[in-house]
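Just so it is clear, none of the values below were taken in a lab; they were calculated from the coordinates. Just so you know, these numbers come straight off a predicted model, no measurement behind them. Note that each Cβ is placed from the backbone with ideal geometry, even for glycine, and that neighbours are counted across all protein chains shown.
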Amino acid sequence: MIGKSRGSAVIEVLISLGLAAILITVIGNLISAVRRMETAQDFRQRALTHTQETLEMITSLQNDLFACVSPTIGPGTCNGSDGQTCALAIAYNSCWTNNPYGHTTPVAYYHLAGGQLVDGPETVPSDTAFTRSIAIENLDGDANRKKITVEVLWQERGDDKSFQLATVLTGWSNVTP
């Protein structure tokens, strides 16, 4: 009888150790997966913040970036100080140029610096894990309707990730000089 008890006890201990090892492995994998999800969520939240912040800045600067203001009321042509022109509608003293102020030709991507759009993407100064770029598209060939797309890029666990937000801006009001 004693031999059978010892043998049973050894088997029970081995089974218990095996179950404990499986349980520890499962719990470890679960904790690791939760941490990966938390990290991914943190990156996505920071990317959202950077895109929203940029769109808000562009919206607040939209007339500084795109408007040509004329001393006369349209119809007519507004001649911008940067050499760009645009057609004034009847009763309007302003219109938007095809390109942002200071850019006579379109650029693939911009970033904001000192209240102006500058060529190319940028590393986000406050969060260097991210690169940010701004794309500007005139909708339906109309310079007074612009689609602004902000894209943020980062690397997460060796994979390239990106997040985009877009808005449409319309130059519909007269700008006061």
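Descriptive notes on the structure:
- Centroid-to-centroid separation of the range 153-176 and the range 113-133 [C-alpha atoms, Å]: 12
- Cα point-scatterer Debye curve for the range 101-171, base-10 log of I(q)/I(0) at q = 0.16, 0.18, 0.21, 0.29 Å⁻¹: -0.62, -0.76, -0.96, -1.37
- For the range 35-102, the orientation-averaged shadow of the C-alpha convex hull comes to 5.8 nm² (one quarter of the hull surface).
- Which labelled figure in [x] 61; [y] 43; [z] 51 is percent of Cα pairs over 26 Å apart, once derived from the coordinates: [z]
- The label point for residue 25 and the one for residue 176, both projected 7 Å from the Cα toward the Cβ, are 7.3 nm apart.
- Rounded to the nearest whole Hz, the Karplus-based 3J(HN,Hα) values (6.51 cos²θ - 1.76 cosθ + 1.60, θ = phi - 60°) of the range 162-172 follow the sequence 8, 9, 10, 9, 9, 8, 10, 10, 10, x, 9, with x at glycine and proline.
- Structure-based [θ]222 nm, the chain - -39500 (n - 2.57) summed over DSSP H runs of at least 4, per residue, nearest 500: -14000 deg cm²/dmol
- Angle in degrees between helix 2-66 and the longest Cα principal axis of the chain, rounded to the nearest 10: 10
- Förster radius 22 Å - calculated FRET efficiency between residue 57 and residue 168, Cβ distance, rounded to 0.05: 0.85
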